[in-house]
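Single-structure report; data block below.
The values are calculated or read from the model by the stated rules, or taken from the named source; none is laboratory data. As the structure is a prediction and not an experimental result, all values here were calculated from the model. Counting neighbours? That spans all protein chains shown, and the Cβs are built from the backbone with ideal geometry, glycine included. Remember, those area values only see protein heavy atoms, side chains included, never the ligands or the DNA or RNA. Shrake-Rupley method; radii C 1.70, N 1.55, O 1.52, S 1.80 Å.
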Amino acid sequence: MDAFLKDLKHSARMFLQTPSFTIAAIAALALGIGTNTAIFSVVNTVLLKPFAYPDPERIVMFQNTFEQGGLGGTGSPTEFNWWRQQTAAFQDVSAYSLFEVANLTGEALPEQIQATSVSADFFRLCGAKALYGRTFTAEDDLLNAPKTAVLAYAFWQRRFGGEPKVIGRRMTLNGDRYEIIGVAGSNLKNGQISEMMRGNGDVTIEEPPDVYIPFQLDPNSADHGHFFNVAGRLKPGVTLAVANAQLQASYQEYARKWPDDVRGRAGFRVQPLQDAIVGGVRNSLLILLGAVSFVLLIACANVANLLLARATGRKREIAIRAAVGAGRGRIIRQLLTESVMLSLAGGVLGVAAGYAGIRAILSLSPGNIPRIGADGSNVSLDWRVLAFTLALSILTGILFGLVPALQSSRADLSSTLKESSNRSGTGLRHNKTRALLVTTETALALVLLIGAGLLIRTFIAIRQVDPGFDAHNVLTMRMSLTGPQFEKPGSVIQVIHEGVRRITALPGVEVAATTSLVPLEPVGGGPFQIVGRPEGPASRGAAVWTRVSAGYFETFKIPVVRGRTFTERDDSGPPVVIINQTLAKDFWPNSDPLSDQIIIYHDSPRRIIGVVGDVHAYSLNRDPLPSMYVPDSGMSQIVPSAWVIRTRVAPMSLSSAIQNELREASGGLPVARIRTMEEILARSTAAENFNALVLTIFGCSALLLAAIGIYGLMAYSVTQRAQEIGIRMALGAQSSQIRNMVVFQGLRPTLAGVVCGLGAAFALTRLIAGFLFGVQAWDPLVFLVVPVILVGVALVAVWLPAMRASRVDPIHALRHE
């Protein structure tokens, strides 16, 4: 221990004597360790932290599998009733709605709130207990049972001021009176429900629920509509494989009972909760973790080069230590102690910088990363992150310090003590080692830059995609037309017509309409059948369907390819439908679909009156889906409706006036989620933008470190070869020849690194192929431009020392030596 403390004191003195070296080394390490700490803190929060549920490893999500591959994350009432009968493998099978809003009225300030319908076992599955009152029982979940509600903790605090006496009070939701029977415990207040809701990969829940209400599903339901998620818990002793085998066996009986519901499907299966929630981002996080490890390796190579250069000046010191009795192991230990101290100092700064940096980066996150909370609020420095940083710092110190320590400890005492300090360490072995480190830096930087270039190309390609509609000057706002007052025939249409009349009368409004779903947001769909065709694949299919009012296509300027769009007469006339081009090409490739009839679900036949252009669903990097549009005369109460308004002026400038008119038209219903369509369009590409931004930051960091490494190598080489350069110039060498010699020698390790990096990039960029759009993983433009940029930066880094070498005064160099 005494010897170790002496090593620490000696290392500290050495660092204080060379502040420029110390600052440069710690800064490089802080960058490398900080980026790794930042990304690992996200990986830790998303992938490693256990879920706050009882026995989370036994919670599973129920899913459908399809003959053409893929999974369906949603369930129907018939499937839910079937799944919860599989008691040999599962318990606490629970249904909960994906997205649902409710109008809270009867209070001083009407409000649209986030509601979630859940089955009776849901709170037991989550391990949630009521803070006050109780949660739902099986009696509350019976069909036509009294209407009850459980408040979410955050909503109870915000709306009711945390008043315990709220139990027993009644609240009006969608025109119905609900008795408040409980307040959910605070363990559900931080988006835990939102986490579980992400089990359906195509749906992103932006806000946790405010109120829970019982589903009250009919146990004998024949409804095959998919509009909620289903989760459950494996029984003790039942493995995932056994559960899936039993569930698939039960599927055969289900298919015999409901043959029309299983067309195109292959079976049932369950997936672990963690895989269902984080599976969509696991690969991207691991790729980012791999990318920042490259940055750390480049930083290590830089610091190793600094240590090699520093060891040159210390060769006489080390030789003297050896001459007075210090063994090779003792010298290596001293040098490794210094490198680990440097790395730990870089780690301390890296933790602080990484924590601040990841918060800044996550504030730009598109919201598709589960479990991190709003702007990364759930990402914290727990013991896993600190242990990772400590281990990484120690390992890094050994990694970059070992080669310099081994080389320094092998010095020949006789020759080292005889030669001058300026000439020691200029041997071929030392220069080859430093050149190899520069080659490694260049190769790693090239791989990162090519990855960033591919994602930037993806970003550009997505921006060039035609979404199928015009988002400019379109305002959207959500209003839920639900409740007893809208159950009368024509009541919904009356509100829509009155709302459109009032809105279009406002100065600056061009056209207005309603829709069940806004473009680029989660969609709903279902099966359809073409009337009059023989039974078979050509007569049945599935498509996205959206309810819209007259003026919808004009609001978004969606082109009409054939036929016509809806008018107000279609609200009360014979059933009609409009299809998109993709659906027309799939089922009417060589004929005209107009006047044909299709049946959606088990509805009445609808006559096709028009074909419109394709609109991208979910995001711009997905192909348009087969889609149908039906009039708003039967507005679905499963999903909220939205008003869409095209204006001649800035949309937000009319927001208040439009809200006032809608409240008047609807009898005081609240309006929520007021956004421009351009905001929605930007959000749809936010994930790709975020990936490109993060990898570009890492790539630029790697480029900067590589440039510093190349400059450091050549600057050191010029300093150590001053006598040689002086002799060459004394013998007649021209300045241009000296400059070209240094440039050529400096670019050799860079070019070698480019060749090695290109080979590695060809192999590694396949890992990000799933994140690319409109560009191949081997895109020739990226693979050509990035090496040119890297060589150009290297040329600048080499040019500065080369110019200094060309100005060496031969007389001064020889006298100094």
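Annotations
- Per the Kirkwood formula applied to alpha carbons, the chain shows a radius of gyration over Rh ratio, Rg over Rh, of 1.08.
- Two-site label geometry, residue 623 and residue 8: point separation in nm, points 7 Å out along Cα→Cβ: 6.4
- Solvent-accessible surface (1.4 angstrom probe) belonging to residue 765, in square angstrom, nearest 10: 10
- Couplings for region 143-155, taken from phi via the Karplus curve 6.51 cos²θ - 1.76 cosθ + 1.60 with θ = phi - 60°, read 4, 6, 6, x, 7, 10, 8, 10, 7, 6, 4, 5, 5 Hz in order; Gly and Pro are left as x.
- Efficiency of FRET between residue 650 and residue 807 - r from beta-carbon atoms, R0 45 angstrom, step 0.05: 0.15
- Largest accessible area first, the residues 122, 227 order themselves as 227, 122 under a 1.4 Å probe with ligands, DNA and RNA left out.
- When the charge dipole of the chain is built from unit charges on Cβ atoms (+1 for Lys and Arg, -1 for Asp and Glu) and taken about the Cα centre, the candidate among 36, 703, 247 whose Cα reaches farthest toward its positive end is 703.
- Heavy-atom accessible area for residue 601, with the other protein chains in place and a 1.4 Å probe, reaches approximately 80 Å².
- Ignoring aspartates and glutamates fewer than eight residues from residue 6 along the same chain, the ones with Cα atoms less than 15 angstrom from its Cα are 338.
- Shown is the FRET efficiency for residue 727 and residue 700, computed with R0 = 25 Å from the Cβ-Cβ distance and rounded to the nearest 0.05: 0.05.
- Heavy-atom accessible surface of the chain: percent carbon and sulfur, 1.4 Å: 58
- Full extension of the chain between residue 472 and residue 744 gives 92.5 nm of extra length, using 0.36 nm per residue less the Cα-Cα distance.
- Potential extension, residue 755-residue 256 segment - 0.36 nm per residue separation minus Cα distance: 173.6 nm
- Note on residue 756: accessible area approximately 80 square angstrom, rounded to 10, probe 1.4 Å, nucleic acids and ligands left out.
- Farthest toward the positive end of the dipole of region 424-570, out of 563, 549, 526, is the Cα of 526, where the dipole comes from beta carbon charges about the Cα centre.
- Modelled this way, with points 7 Å down the Cα-to-C-beta line, the labels at residue 165 and residue 48 are 4.9 nm from one another.
- Taking the DSSP bridge list for the chain and keeping only pairs wholly inside it, about 80 percent are antiparallel.
- Nearest-ten-degree value, helix 735-764 long axis tilted from longest Cα axis of the chain: 40
- Cα-centre dipole for region 13-88 with unit charges at Cβ (Lys and Arg positive, Asp and Glu negative), debye to 20: 400
- Dipole magnitude for the chain: about 3880 debye, using +1 per Lys or Arg Cβ and -1 per Asp or Glu Cβ, origin at the Cα centre.
- Using alpha-carbon coordinates, inclination of helix 383-408 to the longest axis of the chain, degrees: 30
- Cα-based helix-to-principal-axis angle, 19-43 vs the chain, degrees rounded to 10: 20
- Partners for residue 585 among aspartates and glutamates (Cα-Cα distance below 20 Å; same-chain residues under 8 apart left out): 466, 535, 596, 614, 623
- Paramagnetic label zone (point 7 Å from Cα along Cα-to-C-beta, residue 67; backbone N under 17 Å) in region 531-557: 534-543
- Helical content of the chain, expressed as a calculated mean residue ellipticity at 222 nm, amounts to -16000 deg cm²/dmol (DSSP H runs of 4 or more residues, -39,500 (n - 2.57) each, divided by residue number, nearest 500).
- With the charge dipole of region 676-817 set up from +1 on Lys and Arg Cβ and -1 on Asp and Glu Cβ about the Cα centre, the Cα lying farthest toward the positive end among the listed residues 756, 792, 714 is that of 714.
- Accessible surface comparison of 568, 441, 57, probe 1.4 Å, protein chains only, largest first: the order is 57, 568, 441.
- Per residue, the chain exposes 43 Å² of solvent-accessible protein surface, assessed with a 1.4 angstrom probe and all protein chains in place.
- Beyond 24 Å in Cα-Cα separation lie the following of the pairs 147/488; 147/235; 129/235; 147/257; 257/488: 147/235; 147/257; 257/488.
- Estimated from the Cβ-Cβ distance and a Förster radius of 30 angstrom, the FRET efficiency linking residue 767 and residue 432 is about 0.40.
- Accessible surface ranking that places the most exposed of 572, 221 first, with a 1.4 angstrom probe: 572, 221
- Per-residue extension of 0.36 nm, minus the Cα-Cα distance of residue 18 and residue 179, leaves a gain of 50.6 nm for this segment.
- Percent RCO, i.e. relative contact order, over the chain, from Cα pairs under 8 Å lying at least 6 residues apart: 16
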